[in-house]
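Peer 1: Submitted below is the structure of interest, expressed as structure tokens.
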Amino acid sequence: MRIFTFDTTLRDGTQGEGICFSADDKLLIAQALDELGVDYIEGGWPGSNPKDHEFFARANELRLKHARLVAFGATHLARFSVKDDPSVQALMRAETQAVAIFGKSWDLHVHRALEISEEQNLKVIAETVGYLKAHGKEVIYDAEHFFDGYAANPGFALRTIEAAKDAGADVIVLCDTNGGTLTGRVGSVCAAVRQRIDGVLGIHTHNDADLAVANTLAAVENGITHVQGCMNGYGERCGNANLASIITNLELKMGCTTIGQEKLANLTSVARFVANLADLPIRGDQPYVGKSAFAHKAGVHVSAVLKDPRTYEHVSPGLVGNRQRVLLSELSGRGNILYKLNELGLDHLDNLARQKLLDRVKDLENQGYQFEVAEGTFELLVRQALTPAAHLFEAPSYHLTSQSCATTATVAFKMMDGVHSSTAEGDSPVHALDLALRQCLSTQYPEIADVRLTDYAVRVIDFSKANAARVRVSIECSDHRRSWRTMGISGSVIESTWLALLDALQLELMRLTDESSSSGRLVSASGQTTSRVGN
Ligand SMILES: [Zn+2]
């Protein structure tokens, strides 16, 4: 069955706490949603704020191939005639083919919020829908608070949507505006409305009872063919129904057609693109599109999933453009190690070396390392296990001096042609160490100058040990092609930072050396390295 999708990320989604899209962001998101294959994109409420006004004014910059852009508004105020109502006129000026307007279906709101009679409310609904239809618009009528209204006074709630339908509304959308209706109730009310009203019925749910997606699917099971929601479930309070999950469930579990399975493979990248513009990192455990949605950690799960992914994956991650991941931890088994080695293309470790590596991972996890985060540190361990005699430099040491707001770092290494040292000044000890370290190594390995420190996080572990507490520093570095994360743990922030930086740069050097096969650069392992991931 064909189910129509209506995205309201740019209207209802922006009512979520912490979400603020610029007009440029909105144009980019609308374009991405169109490419994903969504049927309707609600762009905003043109009568309510200048940014939404600007969005519709610039909508001709969009090259929509499939979606219809929708402007949002309300039924006219009783004190204005429909043609004089500022909000309705702003809707007209948005010049979209389709408009969505909300009206009241709960008698409580009619009496208390609008302070008009029930008959007047039916009249403003009919007049507004009729006016917009007379001007050639596709009208999507949102019956606000329909489920609460139906519970309080079913006869009146039904008359409101009949008024919209009789005036020509193309879609009647039943809204669970407060988000508190339970799934069984949503299903039975939708079935009852389906009996009374012909044509396209829609559903718009909020997640206050953590049921928005389930409620939407229950509505579809009961005859609703138009579904509304926001990417990643953004929206006021606990959010709107997550359209990414709705689309996937409809496509993969309910035999419905929405955007089509081919475009479904773009879902993860679109969801993450919207999250980036929202400046809200996508939750790792967000179903289907989150980083952890197909991540396996326990050794027994990994060994089963490697034999047959269906053992612990309800759908194949590739169908939604996500990917399977295997995490390394003290819960890991040999399967996790094997998987990571394959992933790194470094699977030529023999069985004994693999077991030693697994023991080392467990030992370091026990000390506080988290390899599911510090995958770069793990890769370094593997590379060192593969070439135990390879040391790019030896005896690294550092010295820091601080004066008012500047810190000077001096670092030294023994390399092929003798001892090298460098001194650099930075705004902080971390900055100075990073500069001096890269400066020193780049005298021998110029490629290292391209590496940048892109993220830095500190966490105290062993709180209970007071002065003996240790500090875990996790850093991310990147060059032009890739980024990687390493970790250092010790009794001080500086030492932990130093260890993490050393690992990060040593890993990059080993990769570059491998890639260029210039093994002649390596010095022999005659001395000891102070990096704690040394052999
Ligand atoms: Zn809403």
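Just so you know, all these numbers are worked out from the coordinates, no wet-lab data involved. Here the structure is a predicted model, which is why all the values come from computation and not from measurement. Here the Cβ is made from the backbone with ideal geometry for all residues, glycine too, and neighbour counts use every protein chain on show.
Peer 1: Determine ³J(HN,Hα), in whole Hz, for all residues of the range 265-279 in sequence, where each value follows from phi through the Karplus function 6.51 cos²θ - 1.76 cosθ + 1.60 and θ = phi - 60°; x replaces Gly and Pro.
Peer 2: With the stated coefficients, the range 265-279 comes to 5, 9, 4, 4, 5, 5, 4, 6, 4, 5, 4, 4, 5, 6, 6 Hz.
Peer 1: What aspartates and glutamates could a cross-link reach from Lys263, if we take a straight Cα to Cα line under 12 Å and drop same-chain neighbours fewer than 8 places away?
Peer 2: Asp34, Glu35, Glu251
Peer 1: Once the Cα atoms of helix 429-442 and of the chain are each reduced to a long axis, what angle between those two axes, in degrees from 0 to 90 to the nearest 10, is obtained?
Peer 2: Helix 429-442 sits roughly 60 degrees off the main axis of the chain.
Peer 1: Taking 0.36 nm per residue of sequence separation and subtracting the Cα-Cα distance, how much length would be gained by fully extending the chain between Ser292 and Glu343, in nm to one decimal? Intermediate results must be reported in sequence, preceding the final value.
Peer 2: Numbers: separation 51, 0.36 × 51 = 18.36 nm, distance 1.68 nm.
The Ser292-Glu343 span can extend by a further 16.7 nm.
Peer 1: Still on this structure, I have one more. With the contact rule set at Cα under 8 Å and sequence spacing of 6 or more, what percent relative contact order holds for the chain?
Peer 2: Details: 1065 pairs, mean separation 49.5, N = 535.
So the answer I get is 9 percent.
Peer 1: Quick one: compute the contact order of the range 184-333, relative version, from alpha carbon pairs under 8 angstrom and 6+ residues apart, as a percent.
Peer 2: On the way: 218 pairs, mean separation 25.0, N = 150.
Computed value for the range 184-333: 17 percent relative contact order.
Peer 1: Roughly speaking, what is the stretch gain from Ala192 to Phe463, that is 0.36 nm per residue apart minus the C-alpha to C-alpha distance, in nm to one decimal? Intermediate values should be presented prior to the final figure.
Peer 2: On the way: separation 271, 0.36 × 271 = 97.56 nm, distance 5.84 nm.
Residue separation times 0.36 nm, minus the Cα-Cα distance, leaves 91.7 nm.
Peer 1: Please list, ordered by chain and number, the residues whose modelled amide H lies under 5 Å from the amide H of Gly44; skip anything fewer than 5 residues away on the same chain.
Peer 2: Phe72
Peer 1: Obtain the nm distance between the two label points defined at Arg323 and Arg482 by a simple spin-label model: each point lies 7 Å from its Cα along the Cα-to-C-beta direction.
Peer 2: So the two model labels end up 1.1 nm from each other.
Peer 1: Let me ask something else. In nm, what is the difference between 0.36 nm times the number of residues separating Ser442 and Ala304 and their Cα-Cα distance?
Peer 2: 45.2 nm
Peer 1: Show me 324-331, 110-117, 372-379, 393-400 ranked by packing, highest mean number of other Cβ atoms within 10 Å first. List each step's numbers first, then the result.
Peer 2: Details: 324-331: 19.1, 110-117: 13.9, 372-379: 23.1, 393-400: 17.6.
Ranked from most to least packed, the peptides come out as 372-379, 324-331, 393-400, 110-117.
Peer 1: So, R0 is 41 Å and r is the distance between the beta-carbons of Asp279 and Asp166; what FRET efficiency does that work out to, to 0.05? Can you show the working numbers first?
Peer 2: Details: r = 44 Å, r/R0 = 1.08.
Given R0 = 41 Å and the Cβ-Cβ separation, E is 0.40.
Peer 1: Below 12 angstrom from the Cβ of Gly130, what's the summed charge of the other residues (Lys, Arg +1; Asp, Glu -1)? Walk me through the intermediate numbers first.
Peer 2: On the way: positive: Lys83, Lys123, Lys133, Lys137, Lys165; negative: Glu127, Asp166.
Its environment carries a net charge of +3.
Peer 1: Using Cα pairs closer than 8 Å and at least 6 residues apart in sequence, work out the relative contact order for the range 155-236, in percent. Don't skip to the end; give the middle numbers.
Peer 2: Numbers: 106 pairs, mean separation 26.5, N = 82.
Relative contact order, the range 155-236: 32 percent.
Peer 1: Using unit Cβ charges (K, R positive; D, E negative) and no other charged atoms, how large, in debye to the nearest 20, is the dipole of the range 68-168 about its Cα centre?
Peer 2: On the way: 11 positive and 14 negative charges, 52 e Å.
My answer is approximately 260 debye.
Peer 1: Next up: Nearest 5 percent is fine: what portion of the DSSP beta bridges confined to the chain is antiparallel?
Peer 2: Details: 37 of 76 bridges.
Around 50 percent of the beta bridges assigned by DSSP in the chain are antiparallel ones.
Peer 1: Provide the per-residue ³J(HN,Hα) series for the range 142-157, in order, calculated from phi with Karplus coefficients 6.51, -1.76, 1.60 and θ = phi - 60°, each as a whole number of Hz, with x at glycine and proline positions.
Peer 2: After applying 6.51 cos²θ - 1.76 cosθ + 1.60, I find 8, 7, 4, 6, 4, 5, 5, x, 5, 5, 7, 7, x, x, 5, 4 Hz.
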